[in-house]
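Readers should treat all values here as calculations from the given coordinates under stated rules, not as data from a laboratory. Only a predicted model underlies this, so the values are computations on that prediction, with no experimental measurement involved. Counting neighbours? That spans all protein chains shown, and the Cβs are built from the backbone with ideal geometry, glycine included.
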Amino acid sequence: MGGLSTVPDLDLALAAYRDVLGLDLVEQGTVAAELALSWGAHAITGARYAALRPRSGAPCWLRLVEQPDHPAFVATTTYGWAAFELSVQDVYGWPARLAGSGFDIVGPPRTITGIEPAFIPMQVLGPGREMLYLNQVLTDMPTLDLPRATSPVDKMFIVILAAPERTRAAAWYQTVLGFEPGDNFMIPYTMINRAFGLPGDHLTTLTMIKKERLPIVEIDDYPAGAAPRGAHAGLLPPGNALVSLAVPDLAACRCAWITQPSQRGGALYEDRRSATTRGMAGELIELIEVGS
C-alpha cells in the first residue's frame with residue numbers, strides 16, 4: 001500500500017519525513033509525462049518527487065510530489081482522501097519528538113470512544129497539510145488484524161476516504177475492486193466535528209473495507225457542509241492526493257482507467273503494470289498489478 005501527498009517545498013517535506021519520522025529515502029527524481037497523464041495530472045510532469053518507506057522494510061510507500069500550494073484547501077473538509085494511517089511505536093512519545101518539526105499536532109494521543117482499545121491514535125498535519133494518523137496498535141480487532149510497528153514509524157495500513165455517500169462508496173470498492181465489506185462503527189469523530197463546528201458528541205458512521213482480515217480503506221460519512229476538493233488545473237489534489245493499492249490482476253478490476261495500464265520501473269513499481277482510476281468521491285486510486 002502507498003500514499004502520495006503533495007507538498008509546496010520538497011526539501012522541507014523531506015526534512016520532516018526522513019529526519020523527523022525516520023523514514024528511509026529510497027528514490028527521488030522528476031515525474032515522467034506518462035505517469036503524470038496516468039494520474040490525470042499532465043501539468044505535474046517534471047515536478048520533483050521523493051519516495052520513502054519504513055526502516056522496517058515493510059511494503060509501504062509514502063511519496064511526496066512538489067506542486068504549488070492551493071490556498072483554498074482545508075484538511076478534513078472536502079471529499080477524497082482524508083488521511084493515511086501509519087503504525088508507530090510509543091505514540092505518547094511522538095508529541096515531544098514532533099515539537100518544532102514540519103508537522104502540526106491536531107489531535108494528541110487518546111483512545112477512541114465507541115471502538116474497543118485496539119489502538120491509540122494521534123493526528124498530525126504535514127508540510128502540505130496532508131493528514132497522517134499515527135497509531136500505536138495494542139491488539140487485533142475481532143474481524144481485523146492490525147500491524148504492530150517494528151520501527152518507530154512503520155506500515156501504512158488504512159487509508160481514510162471522505163465520501164458524500166458512504167454506502168455507495170463501500171459498494172464500489174466491493175464490486176469494482178473486489179474487496180470485502182467490514183464492520184460499521186459510529187464514533188464521535190473529533191477531527192470531523194472540529195472541522196465543521198459540530199458538537200463534540202456528534203456521531204459519524206464509518207465503514208471498513210478489507211481483504212480477508214486486513215483493513216484497507218475506512219470510508220467516513222461527511223456532513224452536508226463538505227464539498228469536492230478544489231485543485232489547480234492539471235495538477236494533483238492538494239494534501240492526501242492519491243492512494244496506491246496492490247491487486248492480483250488489473251484485468252479483473254472493473255475500472256474506467258484514466259489511461260490504459262502500462263509497465264513502469266522504479267522502486268515502487270518494480271516493472272509491474274499500473275493504472276489509475278477515480279472512485280465515487282473523486283479519489284485517485286492507483287492499482288499496481290502484483291500477480292496472485
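When D19, D201, D9 are sorted by how many other C-beta atoms sit within 10 angstrom of their C-beta, beginning with the fewest, the order is D201, D19, D9.
Considering helices alone, the calculated mean residue ellipticity of the chain at 222 nm is -2500 deg cm²/dmol, with DSSP H runs of length four and up weighted by -39500 (n - 2.57) and normalised per residue.
For the chain, rounded, prolate or oblate, judged on the Cα gyration tensor with a ≥ b ≥ c (square roots of eigenvalues), a/c < 1.5 rounded, else prolate if a/b > b/c?
Numbers: a/c = 1.30, a/b = 1.16, b/c = 1.12.
Note, shape of the chain comes out rounded.
Mind running the shape call on region 61-104? Use the C-alpha gyration tensor, a ≥ b ≥ c as the square roots of the eigenvalues: rounded below 1.5 for a/c, prolate if a/b tops b/c, oblate otherwise. Cα axes put region 61-104 in the prolate bin. Restricting region 156-236 to GluC sites (Glu not before Pro) that sit in a DSSP loop and have at most 16 other Cβ atoms within 10 Å of their own Cβ leaves E165, E212.
Note down the net charge around I192, summing +1 for each Lys or Arg and -1 for each Asp or Glu among other residues with Cβ under 13 Å from its Cβ.
On the way: positive: R166, R194; negative: D201, E218, D220, D221.
Around I192, the charge tally is -2.
Over all other residues within a Cβ to Cβ distance under 12 Å of D9, the charged ones net out to -2, with Lys and Arg as +1 and Asp and Glu as -1.
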